[in-house]
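Colleague: Please find one structure pasted underneath; my questions will follow.
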Amino acid sequence: MNNNGWSLNEFLMGMGILTFSLILSVIIFDVKVKSALNENQNDIKESNYTYEDMENKLVEGTMKYIEKEYNEIPNSEIKVDMDTLLENNLYYMDKDPKYSNYKCDGYVIFNKNKNSFSYKPYIKCKEYMTKGYNSK
C-alpha cells in the first residue's frame, strides 16, 4: 500500500478474499443446517404400520408362542413380553411407528378360563401407551 491509498490490485485482491470467505461460510452453514434437519426428520420418519397393527401382531405372536411352548395350556394368566417374541422370531415390529429411532416395549396378557381364551396386548412407545400398560 502506498501513501495514496490502495491500488486497484490490492482492492480487488481484498474483495476476492472477502467474497471467497463469505461464500465458504454460507456453504458450511447450509451443510450444517441440512444435516441437523435430516437428523430430526429421521427421528420422525413414519413407518407403514400403526400402534394398533403392533398390538394385533403382538397377539398373533403370543398365540404362536403359547402353542409352541405349552403342551397343555394352564388355566391361569400368562404374560409374554415383546422381547421373548422377538427372540423366538414371532414378532418384528419393535420400532415406534412414528419415531423409527425409538424402540417400543410391550407384552400380552393371556388368560384361559375353562374353555375361553383372552389376549390383551399392551405397548409403550415414545408418545403412545396402551391404557393399562404396566412396566413391571
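Here, each number is a calculation from the coordinates, and none is a lab measurement. From a predicted model like this one, the values you see are computed outputs, not experimental measurements. Note that we place each Cβ from the backbone using ideal geometry, even for glycine, and neighbour counts take in every protein chain shown.
Colleague: What lysines sit close enough to K131 to cross-link, taking a C-alpha to C-alpha distance under 24 Å and skipping anything fewer than 8 places away on the same chain?
Modeller: Counting by Cα, and skipping residues close in sequence, K131 has these lysines nearby: K57, K79, K95, K98, K103, K112, K120.
Colleague: Here's a follow-up. How tilted is helix 51-69 with respect to the longest principal axis of the chain? Cα atoms for both, answer in degrees (0 to 90, nearest 10).
Modeller: Relative to the chain, helix 51-69 is tipped by roughly 50 degrees.
Colleague: Once both labels are modelled 7 Å past Cα along the beta-carbon direction, what's the Y133-L12 spacing in nm?
Modeller: 6.7 nm
Colleague: Taking Cα atoms, how many degrees apart are the long axis of helix 8-43 and the longest axis of the chain, rounded to 10 and kept between 0 and 90?
Modeller: It is inclined by approximately 10 degrees.
Colleague: Tell me, which longest segment in the chain has none of the GluC sites (Glu not before Pro) that fall in DSSP loops with at most 11 further Cβ atoms within 10 Å?
Modeller: Working: sites that count: E46, E72, E127.
Longest run free of exposed loop sites: 73-126.
Colleague: List residues of region 94-113, by number, whose backbone nitrogen lies under 18 Å from a label position 7 Å along Cα→C-beta of D83.
Modeller: 94-96, 102-109
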